[in-house]
1. If I compute solvent accessible area with a 1.4 Å probe over the protein chains, what percent of it on the chain is carbon and sulfur?
2. Accessible area per residue, 1.4 Å probe, Å², for the chain: what's the number?
3. State the extension gain, in nm to one decimal, for the chain segment bounded by T90 and Q6, taking 0.36 nm per residue of separation less the distance between their alpha-carbons.
4. By accessible area of protein heavy atoms, probe 1.4 Å, what ranking do T90, T126 get, highest first?
5. Taking 10 °C and 1.306 mPa s as the conditions, I'd like the Stokes-Einstein D for the chain in µm²/s, using the Kirkwood hydrodynamic radius from alpha carbon pairs.
6. Could you go through region 194-199 in sequence order and give the Karplus-derived ³J(HN,Hα) for each residue, using 6.51 cos²θ - 1.76 cosθ + 1.60 with θ = phi - 60°, rounded to whole Hz, and x for Gly and Pro?
7. Mind listing the long-range amide H neighbours of A214? Cut-off is under 5 Å, sequence gap 5 or more, other chains count too, H placed in the peptide plane at 1.01 Å from N.
8. I need the semi-axes of the equivalent ellipsoid of region 113-193: take the C-alpha gyration tensor, multiply each eigenvalue by 5, square-root it, list largest first in whole angstrom.
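The values are calculated or read from the model by the stated rules, or taken from the named source; none is laboratory data. Keep in mind it's a predicted model, so treat the numbers as computed, not measured. Because the Cβ atoms are built from the backbone with ideal geometry, glycine has one as well, and the counts that use them run over all protein chains shown. For accessibility, only protein heavy atoms count, side chains too; no ligands or nucleic acids. Shrake-Rupley method; radii C 1.70, N 1.55, O 1.52, S 1.80 Å.
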Amino acid sequence: MIGAAQDWLEARVPFDDAARQQSLPLLDRAAQALLDADPTGRTPLTVVDLGAGTGKSAAWFRQHLTPRLPGRSIHWLLVDAHEPSLEIATQHLADADTIVTRLSGLPTALANHLPEHPAPGTLLLTCSAVLDVLTQGDVEAILTTLTTYQGVGLFLLSITADWHLEPAHPRDPELAEAFADHQRRDGKLGAEGGQAMLRTAREHAVQTTHGNSAWHLSAPRDTEFTRRFLTERVAAAVEAAPELEDAALEWLETRNQQATDQLNVTVDHCDVLVDARRSR
Ligand SMILES: C[S@@+](CC[C@H](N)C(=O)[O-])C[C@H]1O[C@@H](n2cnc3c(N)ncnc32)[C@H](O)[C@@H]1O
């Protein structure tokens with residue numbers, strides 16, 4: 001399915017923003033690479049947010065990137081296969097252009113929006129919470145785009161297989177495994193998304209760096225969000241492993257009670273920086 005529930009994307013914002021504080025060193029490196037490529041700052045930069053959804057990710061990148069590139073003219077492009085989400089995004093990012101396409105079609109779709117031979121380091125591809133919902137073909141298309149245009153890519157908040165719940169419960173690993181299976185449906189990369197990007201970039205002989213940006217959910221502060229998060233995880237896990245339904249619902253009831261006063265959940269994410277400025 002393409003397109004995420006709008007209220008889920010809205011509910012995630014404070015947790016994504018907090019997690020992306022841990023991504024700032026990678027954002028600094030990306031900004032430095034763009035500055036090094038054009039020290040005068042006179043060449044316009046194009047930033048393309050992939051899987052932009054309702055624009056929350058692009059808003060974060062804009063807020064944090066703009067002060068790191070003072071005076072630079074930046075053209076924002078939002079790409080997603082789900083047109084209704086992009087319509088919402090443009091209500092908040094009115095000056096951004098949008099492209100409705102699957103990411104497998106990115107090189108062709110961008111060709112109409114970018115100069116044929118742009119200077120190296122004048123294209124930045126970004127995303128948040130997207131690599132895990134892509135296929136290897138999508139990742140190849142992103143890398144092809146980066147190497148063709150000698151751009152920089154900063155891909156944040158890709159879910160990994162790791163989550164840690166405190167206190168632990170014997171069924172935690174089994175549910176994590178069923179959830180991971182669900183994320184791999186229809187050929188998606190799931191928890192391998194970040195690693196797949198790193199591996200594919202290295203195969204293209206492109207420089208990479210990576211980092212972590214976990215969500216930290218704590219009772220009693222985050223009771224409501226934790227409950228929603230766990231409920232959605234359980235629904236996905238049961239879809240992948242229906243035989244777990246009874247045990248999973250019992251687990252959820254226990255966890256929902258603990259979420260009021262004692263449950264802490266860490267959800268790990270992988271961040272990837274790809275620098276393809278010297279890739280031709
Ligand atoms: C979890 S949402 C993240 C949205 C946004 N980046 C954010 O952080 O709020 C994933 C987004 O990726 C889009 N998406 C998933 N697979 C895609 C594909 N193959 N091509 C283009 N967009 C895709 C979905 O439509 C959805 O908007």
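1. 50 percent
2. Details: 12640 Å² over 280 residues.
With all protein chains present, the chain gives 45 Å² per residue.
3. Working it through step by step, the gained length comes to 28.8 nm.
4. T90, T126
5. So the translational diffusion coefficient is about 82 µm²/s.
6. These are the phi-based 3J(HN,Hα) values: x, 5, 5, 5, 4, 5 Hz.
7. The answer is H269.
8. Largest first, region 113-193 gives 35, 14, 7 Å.
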